[in-house]
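The values are calculated or read from the model by the stated rules, or taken from the named source; none is laboratory data. None of the values given here were measured: they were computed from a predicted structure. A quick note on method: Cβ atoms are made from the backbone with ideal geometry, for glycine too, and the neighbour counts reach across all protein chains shown. Surface areas here come from the heavy atoms of the whole protein model, side chains and all, with no ligands, DNA or RNA. Shrake-Rupley method; radii C 1.70, N 1.55, O 1.52, S 1.80 Å.
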Amino acid sequence: MMGKITFYEEKNFQGRSYECMSDCSDMSSHMSRCQSCRVESGCFMLYEKNNYMGQQFFMRRGEYNDMHRMQSMGMMFDNIRSCRMIPFHRGQFRMKIYERENFGGQSNEMMDDCDNIQERYRMSDCQSCNVMDGHWLMYEQPHYKGRMMYMRPGEYRSFRDMGMSGQRFMSMRRITDMC
């Protein structure tokens, strides 16, 4: 199933719009700002900077008529510069998390959600990971709170290199939505 999101320069779905059905690394050529959006199908990650960098926010099907009000739902930025469509994953979920960068320190393999790595695994931090199967959201605080980062299959040796300097991840959730 294809995803579809429409961005609007003004609140309440007004002004110039940009329809997106895939990844977009630089939205500035399509619009100067984004004040509202409508996710018609699929799930998307929105980013505050070009090239999928900086703060991120997970969007599922729905209407978001005022992006400034989204800050009360955890969005930590007021403009969108890039977006990535999250494909629906069928099958198992597997991710190995590491306490230190470059797959160092204590490690644990996960196949389901974890609301607190400190309580479950006695890990004080997660600074690198290897996502083997599925798509995941990682959160800076326990219980899926705070800033988040989208992880798709691949090796992530350093979250700092991804524009997440100084950020710790304390909880992880599988993206199981069909949106």
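3J(HN,Hα) along region 151-159, derived from phi through the Karplus expression 6.51 cos²θ - 1.76 cosθ + 1.60 where θ = phi - 60°, amounts to 10, 10, x, x, 9, 10, 6, 8, 5 Hz, with x in place of Gly and Pro.
Work out how much length Met21 to Glu155 would gain on full extension: take 0.36 nm times their residue separation and subtract the Cα-Cα distance, in nm to one decimal. It would help to have the intermediate numbers written out before the result.
On the way: separation 134, 0.36 × 134 = 48.24 nm, distance 2.58 nm.
Roughly 45.7 nm would be gained on extension.
The Stokes-Einstein estimate for the chain, based on a Kirkwood radius over Cα pairs and taken at 20 °C with 1.002 mPa s viscosity, is a diffusion coefficient of 129 µm²/s.
With only Lys, Arg, Asp and Glu charged, each at its Cβ (+1 for the first two, -1 for the last two), find how big the charge dipole of the chain is about the Cα centre; round to the nearest 20 debye.
Numbers: 25 positive and 23 negative charges, 8 e Å.
That gives the chain a dipole magnitude of about 40 debye.
Give the Debye-formula value of log10 I(q)/I(0) at each listed q (0.16 Å⁻¹), with one equal scatterer per alpha carbon of region 79-158, two decimals each. Once normalised to I(0) and log-transformed, intensities are -0.61.
When Lys and Arg each count +1 and Asp and Glu each count -1, what net charge do the other residues less than 9 Å away from Arg81, Cβ to Cβ, add up to?
Working: positive: Lys49; negative: Asp26, Glu48.
My count for the surroundings of Arg81 gives -1.
The residues of region 48-140 expose, per residue, 49 Å² of accessible area to a 1.4 Å probe. The lysines whose alpha-carbon is closer than 23 Å to the alpha-carbon of Lys96, local same-chain residues fewer than 8 away aside, are Lys145.
Taking the alpha carbon gyration tensor of region 119-179, multiplying each eigenvalue by 5 and rooting it gives semi-axes of 17, 15, 12 Å, largest first. Distance from the C-alpha centroid of region 116-167 to that of region 1-32: 28 Å, rounded to the whole angstrom.
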